[in-house]
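Remarks on the structure that follows.
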Amino acid sequence: HYEPSWGSLDARPLPAWFDEAKFGVFIHWGVFSVPSFGSEWFWWYWQKEKREPYVKFMEANYPPGFSYEDFGPLFTAEFFDPNQWADILKASGAKYVVLTSKHHEGFTLWGSKYSWNWNAVDVGPKRDLVAELEASVRNRTDLRFGLYHSLFEWFNPLFLEDARNVFKTRKFPTSKSLPELYEIVTKYQPEIIWSDGNGNAPDTYWNSTGFLAWLYNDSPVRDTVVTNDRWGVGSICTHGGFYTCSDRYNPGHLLPHKWENCMTIDQRSWGYRRDAQLDDYLTIEDLVKQLVETVSCGGNLLMNIGPTHDGRIAVIFEERLRQVGAWLKVNGEAIYGTKPWRAQNDSVTPQVWYTFSPKEGTVNAIFLNWPVSGTLELGEPQAKLGETQVKLAGYKALLKWIALGEKGLVIALPQLTPKQLPCQWGWTLQLTAIN
């Protein structure tokens, strides 16, 4: 039984599935997908900060007096096919998905009774988008289904009133944010609650510990649910389930607590942008590098895509996800279910990252550059003559190697044409019987 205190809640063991999964897909979708300009923070940048590109964009393209709420009916989702989305998610090799059920704009992708006339069932698609994706993901894949939920809402009058009262009043969390959280957990049974947006208020204002105690003790997902660390000012990287610490967090060294690197394929935005340039999208080489670095340091990678207002996953996002899936088909044993090894990266050759497969007792050395010499020198592993075996994932024959003194070895890579390579963007050496 967990008490509504951080001391008690933080002692809850993280359900094992999350660390074993390693890779998930984040989906940022909402009314911000309609202007699809600049950022998913469109409303804030346009109305609150009055940033020039956003103001000019509206003046040039919309009639005077056009409000952000007027984008609601234009969020149409006519091409949204949840089965197709589920199939792309499955092909990516991801083990979980996190959908924005509600971003800081307050619009819910389900027919929330606490978000009157500002939800996807009353306005726009007239569909319960959360229910449709949840059903397809659970029927067609083995991915765990998760939901992102923003605690605060930029322009909600109740929140603004509480903020003016320095959060001494709690009208907004009691009438909107908390009821929504209980509603999505009971209705959709998500196995990840990805909280965000504290609005500069403390966790006591949000009653985060009260909600989490219910989630862990009494909710329908109490045994499997995982949560992040964004539950109020001061909780990030300190309290909750896994730590996110910041957006695009990739420390490059081992952390003592389970963490997640949430990042975007479009480097400039979480939501879809019609004005994105090709250079703004990370290449598959970049993405494999992020995945390998993150996992070797004990993290999970949550890779974000932004669908269009009409419900399409743009083909560049689909291609990137399918490429990661193709890479994982060959190298997945070095990623899924692994633990960090005693060294995270190699001391001699740069761009070599290690993971450990406990069941097989295998040390995985993932190298991102194929050496011109045809030999790869590793400074970290201690090999044993006559015992150590070296395999290249996706290639049948054992590889020849020689030891270098106390520690380290040189491995002769097979001479392969580009077509014969097991994959194109990073390769795994599987080392057995290593000290």
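Summary of values
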| read-out | value |
| --- | --- |
| Residue within the stretch 374-386 that is open to solvent by 30 Å² or more (accessible area, probe 1.4 Å), over 18 Å from Val292 (Cα atoms) and under 32 Å from the mean Cα position of the chain (by Cα) present | no |
| Answer from Trp44, Trp17 - the residue that is in contact (Cβ under 8 Å) with a residue 24 or more places away in the chain and closer than 30 Å to Val295 by Cα | Trp17 |
| Any helices (runs of 4 or more DSSP H) falling wholly within the stretch 12-125 and containing at least 2 residues that are within 30 Å of Val330 (Cα to Cα) and open to solvent by 40 Å² or more (accessible area, probe 1.4 Å) | 16-21, 82-91 |
| Residue count, the stretch 217-275 (criterion: at positive phi and touching a residue at least 24 places away in the same chain (Cβ under 8 Å)) | 4 |
| Sole residue being of a type outside the set (A, V, I, L, M), under 15 Å from the mean Cα position of the chain (by Cα) and either crowded, with 20+ Cβ neighbours inside 10 Å or not assigned by the TED database to the domain that holds Thr355 (or both), chosen from Trp206, Trp270 | Trp270 |
| Condition check for Asn156: assigned by the TED database to the domain that holds Asp275, surrounded by 20 or more Cβ atoms within 10 Å (Cβ to Cβ), within 24 Å of Trp41 (Cβ to Cβ) and more than 26 Å from the chain's Cα centre (by Cα) | yes |
| Residue among Lys329, Lys407, Lys396 that alone is assigned by the TED database to the domain that holds Lys289 and surrounded by fewer than 17 Cβ atoms within 10 Å (Cβ to Cβ) | Lys329 |
| Whichever residue in the stretch 1-57 is in contact with a strand residue (DSSP E or B) (Cβ under 7 Å, 6 or more places away or on another chain) and aliphatic (A, V, I, L, M) and, among such residues, is nearest to His239 (Cα to Cα) | Leu14 |
| Unmet criterion (only one of (1) at positive phi; (2) part of a helix (DSSP H, G or I)) for Phe159 | (1) |
| Residue list for the stretch 276-300, restricted to those being in contact (Cβ under 8 Å) with a residue 60 or more places away in the chain, under 24 Å from Glu40 (Cα atoms) and over 14 Å from the mean Cα position of the chain (by Cα) | Ile284 |
| Which numbered condition Ile184 fails, given (1) within 23 Å of Ser5 (Cβ to Cβ); (2) in a helix (DSSP H, G or I); (3) under 22 Å from the mean Cα position of the chain (by Cα); (4) of a type outside the set (Asp, Glu) | (1) |
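The values are calculated or read from the model by the stated rules, or taken from the named source; none is laboratory data. This structure is a prediction, so every number in the text was calculated from the model and none was measured. Positions of Cβ are generated from backbone atoms using ideal geometry, with glycine treated the same way; all protein chains shown enter the neighbour counts. We work out accessible area using only protein heavy atoms, side chains counted, and drop any ligands, DNA or RNA first. Shrake-Rupley method; radii C 1.70, N 1.55, O 1.52, S 1.80 Å.
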